[in-house]
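Peer 1: Quick one: the structure is below, questions incoming.
The values are calculated or read from the model by the stated rules, or taken from the named source; none is laboratory data. Note that the coordinates shown come from a computational prediction; the quantities given were computed from them, not determined experimentally. Methodologically, a virtual Cβ is constructed for each residue, glycine included, from the backbone with ideal geometry; neighbour enumeration extends over all protein chains shown. Quick note on the areas: whole protein, heavy atoms, side chains included, nothing else; ligands and nucleic acids left out. Shrake-Rupley method; radii C 1.70, N 1.55, O 1.52, S 1.80 Å.
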Amino acid sequence: MTDVPEVICRPRSPRALWFCVAFAAAGVVAAVVWTVYRGPDALWLLVPGAALAFVALVSLHLVTARVDADAYGLRSRTLLRRWSVPWHEVADLQLWLKSHSRGAQSRHVSVLLRNGRRQTLPLPASSSAKILDFHDQLDALRALHHRYGTDVPESESESASASVRVISDRTAGRVPVVAAGWCVTLLIGAVVLAAPVSGVAADQRAWEAAVPCTAATPDAELEECLTYVSAVVARTDSNRSKKIGWVYFADNRPFERTMVSREAVDGFHAGDKVRLTFWRNDLMAITGSRYVWREPVQSAGDLAAIAALAALAAGYPGAQLLVRLRGRRLPGDEVLPSAMPFTLVLAGTALWLLPLCYFHPTTLFASAPTITWVAAGTLGTAALFGRAWRETRVRPPRPAEVPLELPELDGEVFLSARFLEHTDYNPHGFGTHIALGDGPPAVTPGPGRFGAHRIPVERLTVRTVRRVRGEDGDTVPSGWHIAELDDGGRLVRLAAAPDDLAVVLRELRGAVHEQS
């Protein structure tokens, strides 16, 4: 791949895509023509017509996509956009792993420009079935960049061609569009739910304070008092599928029917004399000799609690944005800390905030008990937030040459660590722990010596210690560090928590000295 004059990336199945375009376009035309011919009775055809139009546009976008690369630069073309860049403005070509449902992943090429911006190429793109073809095209593009990029030093070009930087949903180079969208959407929902709380609370208090109307009640206040009307149930009708029903009144007095719950349908019978309660011109209750049905009154506490729950739900994508903001200076392929520690903050906040909003939706600061409640809850949330802030900090890797200031091991210990490559002492990546202390260091499938494989420490040399990158895979926790070891000229990666990794490297160096 050192002499590549030109690279052209096109869709793999253009005929199938053109067929989809033609078929969907024909369906759209047929739906429009039939709707015009039949008139309003065929308006339902607009729904499948819109779906076919979307399929046609997507297929046309895919079939017209093309990426060209030669000695002059990189050019990308889609249905709606054309983009080009010379090689000297490209800093790197990286692999972007995009996660989908059920663990599936798609691969794309991310172009990192020297001004720090990124551009995703429409091609080459691949699912799990076409990985080899994708990497061949990516290697060809990188070969052109390494050859014609004028500002790329020779040493940097050789090292860059050896490995491809991987950008994924866990790395710092990924723009959190989905998290930002969820955060904004949930916050807007919380505001929409919280806006009518005061009005709902006022209506709830007015309903609870309503008294029957009297002859002395002014006309302007008749809607605020309770009005009673006698009626006779003519029949009932239940809708089992929707868990609702209808109560019909004799002679359509005061009206033909009203919708009630299914339990109310079973409680009333034809011929029952009932009393209807009206408030603000709405039917609020039906009182019979055997059953009383009441119209559910919206609760301000429920509405406030749901609004608070929506705001708390927006906290997790907000925490993801915060973690990415803290790691904005990291290289694009380094894995960021997980935002999971902030879930404890949200759960702890929910324990005091939701009951407070439910019982005091409009009087959060109206009394000393509620103020104390808010103050104590805020302090607890602040303590949990401080802990989560410390747990999600970016810990720089400790150099391998720096000795670890920890006491010596007392007896045998098993540290959670694993080699990421298949080796003779880690066949098929079976190891999950490393045994240290009594006996030689060994890779074990668990916290025990059963099935242990001795680590050939005489062959290993520590190259460097770094943070987790996207190329290390999704199975390595984001808070771990990676030690790159030289195993007889082969690169071997050892992953473990920072403190555990330092202990392992110290013991491996000690074992080498003992053998020498």
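Peer 1: Look at region 302-350 and say how many of its residues are part of a helix (DSSP H, G or I) and either β-branched (Val, Ile, Thr) or closer than 30 Å to Leu113 by Cβ (or both).
Peer 2: In the first step, residues of region 302-350 are kept if they are part of a helix (DSSP H, G or I); the result is 302-313, 315-326, 341-350.
Filter once more, keeping what is either β-branched (Val, Ile, Thr) or closer than 30 Å to Leu113 by Cβ (or both): 306, 317-326, 343, 345, 349.
Total meeting the criteria: 14.
Peer 1: Could you say whether any residue in region 481-495 is outside any strand (DSSP E or B), at pLDDT 90 or above and open to solvent by less than 60 Å² (accessible area, probe 1.4 Å)? So that I can check it myself, show each step before the final result.
Peer 2: Pass one, region 481-495, residues outside any strand (DSSP E or B): 488-489.
The next check asks that each one be at pLDDT 90 or above; those that pass are none.
For region 481-495, residues outside any strand (DSSP E or B), at pLDDT 90 or above and open to solvent by less than 60 Å² (accessible area, probe 1.4 Å): absent.
Peer 1: Test of understanding: among Ser84, Ser59, which residue is in a helix (DSSP H, G or I), at negative phi, at pLDDT 85 or above and among the hydroxyl-bearing types (Ser, Thr, Tyr)? Walk me through how you get there before you give the answer.
Peer 2: Details: Ser84 fails: in a helix (DSSP H, G or I).
From the options Ser84, Ser59, the qualifying one is Ser59.
Peer 1: So, one more: For Leu321, indicate whether it is in contact with a Phe, Trp or Tyr (Cβ under 9 Å, 6 or more places away or on another chain) and either open to solvent by less than 60 Å² (accessible area, probe 1.4 Å) or under 30 Å from Cys225 (Cα atoms) (or both). Show your work before the answer.
Peer 2: Numbers: in contact with a Phe, Trp or Tyr (Cβ under 9 Å, 6 or more places away or on another chain): no; either open to solvent by less than 60 Å² (accessible area, probe 1.4 Å) or under 30 Å from Cys225 (Cα atoms) (or both): yes.
So Leu321 does not fit the description; no.
Peer 1: Let me ask you something else. Let me spell it out: the conditions are (1) out of contact with any His (no Cβ under 6 Å at 6 or more places or on another chain); (2) of a type in the set (Val, Ile, Thr); (3) open to solvent by less than 20 Å² (accessible area, probe 1.4 Å); (4) over 16 Å from Arg395 (Cα atoms), and Thr370 meets all of them except one. Which number is the exception?
Peer 2: (1)
Peer 1: Can you list residue pairs whose Cβ atoms sit under 6 Å apart, with the first residue in region 353-370 being among the aliphatic types (A, V, I, L, M) and the second being assigned to a helix (DSSP H, G or I)? Count only pairs 6 or more apart in sequence or on different chains.
Peer 2: Listed pairs, sorted by first residue: Leu353/Ala308; Leu354/Ala305; Leu354/Ala308; Leu356/Trp373; Leu364/Thr370.
Peer 1: Hey, any hits in region 92-107 for a residue that's modelled with pLDDT of 90 or more, buried (at least 16 other Cβ atoms within 10 Å of the Cβ) and in a helix (DSSP H, G or I)?
Peer 2: The answer is no; no qualifying residue exists.
Peer 1: Scan region 208-242 for residues that are open to solvent by 90 Å² or more (accessible area, probe 1.4 Å), polar (S, T, N, Q) and in a strand (DSSP E or B) and jot them down.
Peer 2: Within region 208-242, Ser230 is the sole residue that qualifies.
Peer 1: Something else about it: Can Pro440 be described as surrounded by 14 or more Cβ atoms within 10 Å (Cβ to Cβ), closer than 16 Å to Val504 by Cα and at pLDDT below 90? Break it down stepwise before answering.
Peer 2: Working: surrounded by 14 or more Cβ atoms within 10 Å (Cβ to Cβ): yes; closer than 16 Å to Val504 by Cα: yes; at pLDDT below 90: yes.
Judged against the criteria, Pro440 is a match.
Peer 1: Among the residues of region 482-502, is any among the basic types (Lys, Arg) and within 35 Å of the chain's Cα centre (by Cα)? Show your work before the answer.
Peer 2: As a first pass, look at region 482-502 and keep what is among the basic types (Lys, Arg): 490, 493.
Subset that is within 35 Å of the chain's Cα centre (by Cα): 493.
The answer is yes, given that some residue of region 482-502 is among the basic types (Lys, Arg) and within 35 Å of the chain's Cα centre (by Cα).
Peer 1: Still on this structure, please answer the following. Specify the residue that is farthest from Leu379 (Cα to Cα); the eligible residues are those in region 338-347 that are in contact (Cβ under 8 Å) with a residue 12 or more places away in the chain and open to solvent by 20 Å² or more (accessible area, probe 1.4 Å). Show your work before the answer.
Peer 2: Of all residues in region 338-347, those in contact (Cβ under 8 Å) with a residue 12 or more places away in the chain come to 338-339, 341-346.
Next, from what is left, pick out any that are open to solvent by 20 Å² or more (accessible area, probe 1.4 Å): 338, 341, 343-344, 346.
Working: Ser338: 24, Pro341: 17, Thr343: 17, Leu344: 14, Leu346: 13 Å.
Looking at the filtered set, the residue picked out is Ser338.
Peer 1: Could you list, in sequence order, all residues of region 243-272 that are within 27 Å of Glu224 (Cβ to Cβ), of a type outside the set (Ser, Thr, Tyr) and part of a strand (DSSP E or B)?
Peer 2: If the condition is that a residue be within 27 Å of Glu224 (Cβ to Cβ), of a type outside the set (Ser, Thr, Tyr) and part of a strand (DSSP E or B), then Val247, Phe249, Arg257, Met259, Val260 are the ones that fit.
Peer 1: Might you check whether a residue that is at negative phi, modelled with pLDDT of 90 or more and not aliphatic (A, V, I, L, M) occurs anywhere in region 400-407? Spell out how you get there, then give the answer.
Peer 2: As a first pass, look at region 400-407 and keep what is at negative phi: 400-407.
Checking the rest, the ones that are also modelled with pLDDT of 90 or more come to none.
No: region 400-407 contains no residue that is at negative phi, modelled with pLDDT of 90 or more and not aliphatic (A, V, I, L, M).
Peer 1: Going residue by residue through region 279-301, is there one that turns out to be assigned to a loop (DSSP other than H, G, I, E, B), crowded, with 16+ Cβ neighbours inside 10 Å, touching a strand residue (DSSP E or B) at 6+ places or on another chain (Cβ under 7 Å) and among the small types (Gly, Ala, Ser)?
Peer 2: The answer is yes; a qualifying residue exists.
Peer 1: So which of Val28, Val67 is under 21 Å from Gln137 (Cα atoms), β-branched (Val, Ile, Thr) and surrounded by 17 or more Cβ atoms within 10 Å (Cβ to Cβ)? Spell out how you get there, then give the answer.
Peer 2: On the way: Val28 fails: under 21 Å from Gln137 (Cα atoms).
Every option except Val67 fails the conditions.
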